[in-house]
Amino acid sequence: MDEEMEKLNARGTFQAVDKPEGQGLIGLKWVFDIKYNADGAVKGVKARLVAQGFSQRPEDYDQTYMPTPSKETTNGVYSISAKWDHQLYTFDIKQAFTHSKIRSPIYCRQVPGYPEADPKLVLKLCVALYGLKQAAFEWYCLIFQVLVSIGLWHCELDHALFLGVWTSPPADGINMPNDGEPLQMLVPLHVDDGLTSTNSEKLYVWMIMRMKKAGIDVVDLGPASMYLAARILWDRANRRLWLSISPFIVNMLEDWKMDFCNAAKTPMDTLPSQMPDAKLGVLTEHMPITDFKKAYQSVVGSINYAAKSVRADLSFAAMVLGHHAAAPEQKHMAAAKRVLCYLWGTKDYVLMFDGNKDIDPSVNDLVHSATAFMDADWASEPTTRLSVSGFAMFYMGGLVSWSSVCQRTIVLSSTEAEYYAIVHAVKRALWFRLLLIICGLPVPSPFPIMIDNKSAIAQVNSPAITSRSKHIHIRNLFIKEHFNDRTFSANWVPSSVNVADIFTKPLSSPLFEKHHDALGIVSPPS
């Protein structure tokens, strides 16, 4: 706490003044966090003073938005780094928000544990303190100006991604790459945590020095070993990169007393609605309804985090379990515990980005090119009869985007379910394709969409609007526009190698393992 106060005072965060007449005050509080190393070991405890922004009045602030990089953007940077043998570095910005000034005067109560000599004095905030509604926006405006002044620009489709390309060295001591390529840099910035992919270490060091010169308290963390709670493993000789969240999974299993349980081979072998009620033992059996609901939401939230960040093989199970978060039953908790049993047996699994895989038109290697896969399971939910859409997209040898979603409309045939899934896939792939174009990165033309339903492919490629598809006319026109202009192409793939199948239904162990291997969810390198 003393260290935090010393830094805040050095930045001129507060000014002790008399309370203006009629001026409301907001509170301050201390929050504490445990910091971990890449291997999961405790690094230390951090104290942070935050403002209780929930008590701010509307006239105290205007804009509050700050962009953060999308999953597709960050994973795309990993894929590019593995493929092009770029160097990866991470940096951290200390007390990021307090670098920026605030535009409207805000007054606070005195800091808990650090009283002023006069108890009647209040503190006037001079900088954007954590907790203020506008703090993130003010910080982004400042760091945007700093990075642009260095020579980077932000991507119009993802404002948290900054890029730089130099055809000549921007400073003395920086050499051009030996392969004749320009100097390149990709910088996804998640608030105060930065990741840098570059083909020049000296260029990265120069950027850090320029940020420090601009008054940013940035710490160079060196070659990337961890970013946003994901551990980064490198085999640069073979151009392979792996992401791991094993420490998070182990902690989750320990919290739920599920470490050393009997491992399951798949996250889900049947839908919870088709399971008999199950007794769950002392963990939740005698819980009050309110506590049981909170416990279920907690474990499903942890599973969903793992599924969204690295463990794509959990996506379908996380989606199904999430649908019952409002009113869970014992069988839903039993299904969640099975996912934990699966995680115990696969806790060390990683997501691999394999830059050694060349684009190959053969079916078996399609997952290693710039390709999107989609699939649907028609009317699979027994009570609502809604269908499920699955989607997976690869770029430069790595899985960059995936999803498992329940369709919102009841459809009348498997072809129609596939059609809705195609719409979902095209929307996701269209955004990523535009991102690549804006960033000047290689884009396949047309961008292949892999489909295992020949009727759906025929409907996509047909110029006719038949009576069977008139009720989905708008979606029909959206699809045909992008396939007719060759932005995308509809390609048939056998169901046995359609990796999106893993996102639509519970699968048998052999098929599930085949698909998660193809996704890049594999055992860690030895």
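The values are calculated or read from the model by the stated rules, or taken from the named source; none is laboratory data. No experiment lies behind these values; they were computed from the predicted model shown. In this analysis, Cβ positions are derived from the backbone assuming ideal geometry, glycine residues included, and neighbour counts consider all displayed protein chains.
Observations, loosely collected:
- Filtering region 325-354 to residues that are among the small types (Gly, Ala, Ser) and closer than 23 Å to residue 525 by Cα leaves only 345.
- Among the residues making up region 185-235, those that are in a strand (DSSP E or B), in the same structural domain as residue 83 (by TED's automatic domain parsing) and of a type in the set (Asp, Glu) are 193, 220.
- Selection from region 236-273 of residues that are at positive phi and not assigned by TED's automatic domain parsing to the domain that holds residue 308: 239
- Test: residue in region 163-182 that is over 29 Å from the mean Cα position of the chain (by Cα), assigned by TED's automatic domain parsing to the domain that holds residue 140, in a loop (DSSP other than H, G, I, E, B) and within 15 Å of residue 81 (Cβ to Cβ): yes
- Single unsatisfied condition, residue 24 versus (1) among the small types (Gly, Ala, Ser); (2) surrounded by 15 or more Cβ atoms within 10 Å (Cβ to Cβ); (3) more than 29 Å from the chain's Cα centre (by Cα); (4) modelled with pLDDT under 90: (2)
- Matching option when the condition is modelled with pLDDT of 90 or more and in contact with a strand residue (DSSP E or B) (Cβ under 6 Å, 6 or more places away or on another chain), among 205, 250, 218, 299: 218
- Take the conditions (1) closer than 20 Å to residue 94 by Cα; (2) out of contact with any Ser or Thr (no Cβ under 8 Å at 6 or more places or on another chain); (3) surrounded by 20 or more Cβ atoms within 10 Å (Cβ to Cβ); residue 203 misses just one of them, which is (1).
- Residues of region 236-268 that turn out to be among the small types (Gly, Ala, Ser) and not in a helix (DSSP H, G or I), as a count: 3
- Search result, residues across region 375-395 that are of a type outside the set (Gly, Ala, Ser), within 12 Å of residue 502 (Cβ to Cβ) and either modelled with pLDDT under 90 or under 20 Å from the mean Cα position of the chain (by Cα) (or both): 391
- Which numbered condition residue 142 misses (of (1) touching a helix residue (DSSP H, G or I) at 6+ places or on another chain (Cβ under 8 Å); (2) surrounded by fewer than 17 Cβ atoms within 10 Å (Cβ to Cβ)): (2)
- Output for region 237-251, where each listed residue is surrounded by 15 or more Cβ atoms within 10 Å (Cβ to Cβ) and under 16 Å from residue 87 (Cβ atoms): 239, 240, 241
- Check on residue 276, at pLDDT 95 or above, part of a loop (DSSP other than H, G, I, E, B) and not assigned by TED's automatic domain parsing to the domain that holds residue 514: no
- Residue match in region 68-85 (condition: assigned by TED's automatic domain parsing to the domain that holds residue 23, within 18 Å of residue 135 (Cβ to Cβ) and either of a type in the set (A, V, I, L, M) or touching a Phe, Trp or Tyr at 6+ places or on another chain (Cβ under 7 Å) (or both)): no
- From the options 225, 246, residue that is of a type in the set (S, T, N, Q) and out of contact with any Lys or Arg (no Cβ under 6 Å at 6 or more places or on another chain): 225
- Considering residues of region 17-58 that are in a strand (DSSP E or B) and of a type in the set (Gly, Ala, Ser) only, the residue farthest from residue 227 (Cα to Cα): 51
- Hits in region 405-450 (condition: among the aliphatic types (A, V, I, L, M) and within 16 Å of residue 374 (Cβ to Cβ)): 405, 411, 417, 421, 422, 423, 425, 426, 429, 430, 449, 450
Conditions (1) within 17 Å of residue 158 (Cβ to Cβ); (2) surrounded by 18 or more Cβ atoms within 10 Å (Cβ to Cβ); (3) without any contact (Cβ under 8 Å) to a residue 60 or more places away in the chain; (4) touching a Cys at 6+ places or on another chain (Cβ under 9 Å), marked per residue:
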site: 398; (1), (2), (3), (4): no, yes, no, no
site: 401; (1), (2), (3), (4): yes, yes, no, no
site: 404; (1), (2), (3), (4): no, yes, no, no
site: 407; (1), (2), (3), (4): no, yes, yes, no
site: 411; (1), (2), (3), (4): no, yes, yes, no
site: 415; (1), (2), (3), (4): no, yes, yes, no
site: 418; (1), (2), (3), (4): no, yes, yes, no
site: 430; (1), (2), (3), (4): yes, no, yes, no
site: 434; (1), (2), (3), (4): yes, no, no, no
